[in-house]
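Shown next, in structure tokens, is the structure this report addresses.
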Amino acid sequence: MRTWEAMHPGARWIAPETDLRTVARIMRDEDIGALPVGENDRLIGMVTDRDIAVRAWANGHDAASLTARDVMTKDIVYCRTSESIEEAVRLMEAKKVRRLPVIDDEKRMVGMLSLGDISHATSRELTTGLVKAVTAHHA
């Protein structure tokens with residue numbers, strides 16, 4: 001099975017200038033934990049609910065003055081539509097991430113592949129290994 005067969009198609013993007021209140025509302029309203037950040041039709045980062053908690057609130061910043069660019073993770077890990085689910089899982093395990101943007105041959109983001117998507121599309125063994133890898137304590 002290829003990643004495009006299991007992913008959520010049409011993931012929403014946000015601009016880097018999007019304020020954190022808007023980011024949090026989108027996450028709440030759409031029941032998602034991560035939003036890709038795009039600029040000039042390219043993926044430049046990802047904001048997760050954890051990024052907001054750790055990089056804004058826990059660091060004592062005035063969250064009302066921060067934008068997605070201020071808290072986003074810049075080194076984005078992604079997979080391609082042509083890759084197998086197993087390849088995506090190995091990448092997620094190695095990088096300890098729960099979600100991957102899915103990029104097509106034209107380098108356009110066409111969806112998101114999450115731990116939940118993988119659990120619905122693959123074997124229990126593959127899912128169990130991934131869960132153990134991404135939930136292990138980070139040193």
Net charge near VAL37 (other residues with Cβ under 12 Å of its Cβ; Lys, Arg +1; Asp, Glu -1) is 0
About its Cα centre, what dipole magnitude does the stretch 3-136 give when the only charges are +1 on Lys and Arg Cβ and -1 on Asp and Glu Cβ, stated in debye to the nearest 20?
-> 380
Work out, in µm²/s and without decimals, the Stokes-Einstein translational diffusion coefficient of the chain at 4 °C, 1.567 mPa s, Rh from Kirkwood over C-alpha pairs.
-> 84
Mind checking which aspartates and glutamates have their C-alpha under 14 Å from LYS107, skipping anything on the same chain fewer than 8 residues away?
-> GLU39, ASP41, GLU83
Excluding residues fewer than 8 places away in the same chain, name every one of the lysines whose C-alpha is closer than 20 Å to that of LYS95.
-> LYS74, LYS132
Given a 1.4 Å probe and every protein chain left where it sits, what share in percent of the accessible area of the chain is carbon and sulfur?
-> 49
Mind giving me the nanometre distance, one decimal, between the label points for ASP29 and ASP75, set 7 Å out from Cα along Cα→Cβ?
-> 3.4
Probe 1.4 Å, all protein chains in place: accessible area of GLU106 in Å², nearest 10?
-> 120
Counting only DSSP beta bridges with both partners in the chain, the antiparallel fraction in percent, to the nearest 5, comes to 85
Compute the accessible area per residue over the chain, keeping the other protein chains in place, probe 1.4 Å, unit Å².
-> 59
Coil-residue trypsin sites (Lys or Arg not before Pro) of the stretch 47-139, DSSP, other Cβ within 10 Å capped at 10 | LYS74
Helix 85-95 versus the longest principal axis of the chain: what is the Cα-based angle in degrees, 0 to 90, to the nearest 10?
-> 50
Tell me what the chain gives for mean residue ellipticity at 222 nm when only DSSP H runs of n ≥ 4 count, each as -39,500 (n - 2.57), the sum divided by the residue total, rounded to 500 deg cm²/dmol.
-> -9500 deg cm²/dmol
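The values are calculated or read from the model by the stated rules, or taken from the named source; none is laboratory data. Predicted, not measured: the structure shown is a model, and the values here were computed from it. Positions of Cβ are backbone-derived with ideal geometry, glycine not excepted, and every protein chain shown enters the neighbour counts. With ligands, DNA and RNA removed, areas are computed over all heavy atoms of the protein, side chains included. Shrake-Rupley method; radii C 1.70, N 1.55, O 1.52, S 1.80 Å.
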